[in-house]
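A quick write-up on the structure given underneath.
Rule-based calculations on the coordinates, nothing more; no lab input. As the structure is a prediction and not an experimental result, all values here were calculated from the model. Cβ placement follows ideal geometry from the backbone for every residue including glycine, while neighbour counts extend to all protein chains displayed.
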Amino acid sequence: MRKSHPIRRVVLTTAATVSGIVLLLSLKPGSDPASAAAGAAPGAPGAAQESAQGGAGAAAASTVTGDAAQTQYGVVQVRLTVAGGKITKAEAVQAPKGGRSDSVTADAVPKLNQEAVAAQGADIDAVSGATYTSAGYRQSLQSAIDKAKAAPAPSAPASQSGGGAARTVTGAVAQTQYGPVQVRVTVSGGRITAAQAVQAPKGGESDQKTALAVPRLNREAVAAGSADIDSVSGATYTSEGYKKSLQSALDRAGG
């Protein structure tokens, strides 16, 4: 057998070393898992943070529907969209229909909707030629505004709330000559923040009197902070029943 020549062994060893170096150099640095993770990490948290900031900055909108107001030509009822304590949209979900009322409603309601948003309240002008519809619109609009104010605000930490949690109490039913009256109040920090009649006389002339009297009585109850409120002219029995049920609700709420 012939012995391998020393020079040949050197050549083979050198060739093997060169091949190994080439293979090492051919590996791409980008294939390093740590490098890939480091490049992708900033993107995901950034998107999540942007979404969170956008959500925190926007105020949630809520929709409130006022009480139906009876008019000589039909019912008017207003719905409001409120966001950040402001009226962003107003619309009449009920309005007089039939005959000439169709054209009057088509002309008046869009104007009243715009005025409600512009005024941010129920102190708006009547539309010429639509006096009754305008008056009913304002009544229902005021009712919706009252309900929006009474709606629970976003909860705050106990250290920032400045008072006790709001609670709702319903008074006893007060029977009147024209039907039962029952009042519900929301009380927070020892004060009435909202009042509404969950029952009131209905049918015939009572519908119109209730639509006129109850919103006023609700506002007076909140303003007075007690049942010592004036009766609404033309709705004496309803007013008396309202005050009795209101006093009952306040008694149950602890005065």
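Would you please give the FRET efficiency between Thr88 and Arg167, computed as 1/(1 + (r/R0)^6) with r the Cβ-Cβ distance and R0 = 41 Å, to the nearest 0.05? List each step's numbers first, then the result.
On the way: r = 29 Å, r/R0 = 0.71.
Step by step, r from the Cβ atoms, then E = 0.90.
Karplus couplings for the range 71-87 from phi (6.51 cos²θ - 1.76 cosθ + 1.60, θ = phi - 60°), rounded to Hz, Gly and Pro as x?
10, 4, 10, x, 8, 10, 9, 10, 10, 10, 10, 10, 9, x, x, 10, 7
Please state the charge dipole magnitude for the range 182-236, taken about the Cα centre, from unit charges on C-beta atoms (+1 on K and R, -1 on D and E), reported in debye and rounded to the nearest 20. Write down the numbers at each step before the final one.
Working: 6 positive and 5 negative charges, 36 e Å.
Value, rounded to 20: 180 debye.
In angstroms, what radius of gyration and Dmax does the range 59-153 have, counting Cα atoms only?
Gyration radius and largest Cα-Cα distance of the range 59-153: 12.8, 43 Å.
Per the Debye formula with a single identical scatterer at each Cα and no solvent contribution, what log10 I(q)/I(0) holds for the range 103-248 at q = 0.08, 0.19, 0.21 Å⁻¹?
The Cα Debye sum returns log10 ratios of -0.27, -1.11, -1.21.
Ordered by residue, what ³J(HN,Hα) values in Hz, to whole numbers, does the range 134-149 give under the Karplus form 6.51 cos²θ - 1.76 cosθ + 1.60, where θ = phi - 60° and Gly and Pro are x?
The phi angles translate into 5, 5, x, 4, 5, 4, 5, 4, 4, 4, 5, 5, 4, 5, 5, 5 Hz.
In whole Hz, with x marking every Gly and Pro, tabulate ³J(HN,Hα) for the range 101-107 from phi via Karplus 6.51 cos²θ - 1.76 cosθ + 1.60, θ = phi - 60°.
Here the 3J(HN,Hα) series is 4, 4, 6, 5, 5, 4, 7 Hz.
In vacuo Debye scattering of the range 95-149, one point per C-alpha: log10 I(q)/I(0) at q = 0.13, 0.18, 0.20, 0.29 Å⁻¹?
Scattering profile of the range 95-149, log10 relative to I(0): -0.30, -0.55, -0.66, -1.17.
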